[in-house]
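Structure record follows, encoded as structure tokens.
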Amino acid sequence: MAEAAVDKGGFWKTRYSIILMCFAATFVCYIDRVNISVAIIPMAEEFKWDLETQGIILSSFYVGYMIMQVLGGFLADRFGGKIVLGLGVLFWSFFTIVTPWAAFSGMLGLLIARIGMGLGEAVTFPSVYSLVTRWFPVHEKAKAVALNASGIPIGTVFALVVTPIIVTELGWEWAFYLFGLVGVVWYIAWHWLVTDKPQEHPRINATELEYIAANAPAAGAIATPPMGEFLRNKALWAIIVAHFCNNWTLYVILSWLPKYVNDGLGVAFASVGLIAMLPHVTSFFCLNIAGNVADRLIARGLSVTFVRKLMQTIGFGGLAMCLLLITTVDDVWSAIGLLCLGKLFGAAGIGGHSVNHMDIGPKYAGTLMGITNTFATLPGIIAVYVTGYILQVTESWDLVFITTAGVTLFGMVFYLLFASGEEQFD
């Protein structure tokens, strides 16, 4: 394969617009996902939900999210990430907007709305991976994935800061109405700015098109993916386990951090969003730095396998240490400071398991992401519910953090043993 070190086609590349729109989709995905983590505080008071019930409501989203992962990835690889992600955003935006009506209709209606949101959001990352693997050269993929992933903390921060304001000024229902409409606006821009493949884009210049063709390994639509071969591969299982363990921490923090700040640290509801956003702000900056570091190490000649394992070990090892240290402090700023430090370390995983799908099977990146994200959605159901149960029975936040650290360390060891940066599936 020809290797072009520099794309000299001008400062702004068409592929940058593609990844910015993907970032925007991830941002919308997370403002719609996270707002209920704040809104559930007044909702629980109004509907008299105990902690276990709140855990069921929060985790029900991930039922739909898990069901659609593999199919969403296959559809994105087969028919294109543009149409699949576009329809997904419209689908989950609808269920976001109808959430208040569903809540007033009863628990069944609310659970259906949350599962519907999950079905729509499930196609996000498989679709983005399918687009990135076709639009970005090998040595730019970690940066692209990092920028897209930084929509997670930014969307989370936005929801944590803005949702309490909306709830206070307009009522909790409006957090769902307003956030749901954002996805409709996004879809209009997506329709005009994005294509599935570089050669289909009407405004891409010839220099960039030639550069991508020489350096991006994925090409064309795929046939039925070899699922049996996938699931027998140790390198893929290394990603699956790391993704599962990564999301255990992610979903516990996304779903329960506002509650921890409010109840565990004694912060008033009006200030919950401002305090809880700090680890996510840290994550935003560190994700993009880590993605650049990983790409630079590969560009300098280090093996892809070594870089992936190094980044993942730093990420999980540092995060687990910080989670354990949280159990030794009891004041707000020490606890939040350690969570921020944990996010700093954890961001390194973006150069590890997060982009590893594109190394081992570039043509099947969306499908592989769908497979690993199916397993990685289980923490959204198990960890979110278990955390609520632990708090209901023991009232111990320390036990929550110790459990999360243990899961993280297991993921570090497994990935170190079995991961690979070499192509596994042609």
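The values are calculated or read from the model by the stated rules, or taken from the named source; none is laboratory data. All values reported here derive from a predicted model rather than from experimental measurement. Quick reminder, even Gly has a Cβ in these numbers, built from the backbone with ideal geometry, and neighbours come from all protein chains shown.
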Q) Considering Leu181, Leu170, Leu236, which residue is over 28 Å from Leu339 (Cβ atoms), modelled with pLDDT of 85 or more and surrounded by 22 or more Cβ atoms within 10 Å (Cβ to Cβ)? A) Leu236
Q. On the given criteria, is Ala146 closer than 25 Å to Thr282 by Cα, aliphatic (A, V, I, L, M) and out of contact with any strand residue (DSSP E or B) (no Cβ under 8 Å at 6 or more places or on another chain)?
A. yes
**Q.** Residue in region 323-342 that is over 20 Å from His280 (Cβ atoms), surrounded by 24 or more Cβ atoms within 10 Å (Cβ to Cβ) and in contact with a helix residue (DSSP H, G or I) (Cβ under 6 Å, 6 or more places away or on another chain) present
**A.** no
Q: May I ask you to list the residues in region 290-302 that are assigned to a helix (DSSP H, G or I) and without any contact (Cβ under 8 Å) to a residue 60 or more places away in the chain?
A: Val293, Arg296, Leu297
Q.
Can you pull out every residue in region 121-142 that is out of contact with any Gly (no Cβ under 9 Å at 6 or more places or on another chain) and outside any helix (DSSP H, G or I)?
A. Phe136, Pro137
Q) Just to be sure, is Ala299 touching a helix residue (DSSP H, G or I) at 6+ places or on another chain (Cβ under 9 Å) and under 15 Å from Thr249 (Cα atoms)? A) no
Q: Using the structure shown, decide if His139 is surrounded by fewer than 21 Cβ atoms within 10 Å (Cβ to Cβ), of a type outside the set (D, E, K, R), touching an Asp or Glu at 6+ places or on another chain (Cβ under 6 Å) and touching a residue at least 24 places away in the same chain (Cβ under 8 Å).
A: yes
Q. Are any residues in region 144-156 in contact with a Gly (Cβ under 9 Å, 6 or more places away or on another chain), part of a helix (DSSP H, G or I) and surrounded by fewer than 24 Cβ atoms within 10 Å (Cβ to Cβ), and if so, which ones?
A. Leu147
Q.
I need the full set of residues from region 255-276 which are surrounded by fewer than 23 Cβ atoms within 10 Å (Cβ to Cβ), assigned to a helix (DSSP H, G or I) and modelled with pLDDT of 75 or more, in order please.
A. Asn262, Asp263, Leu274, Ile275
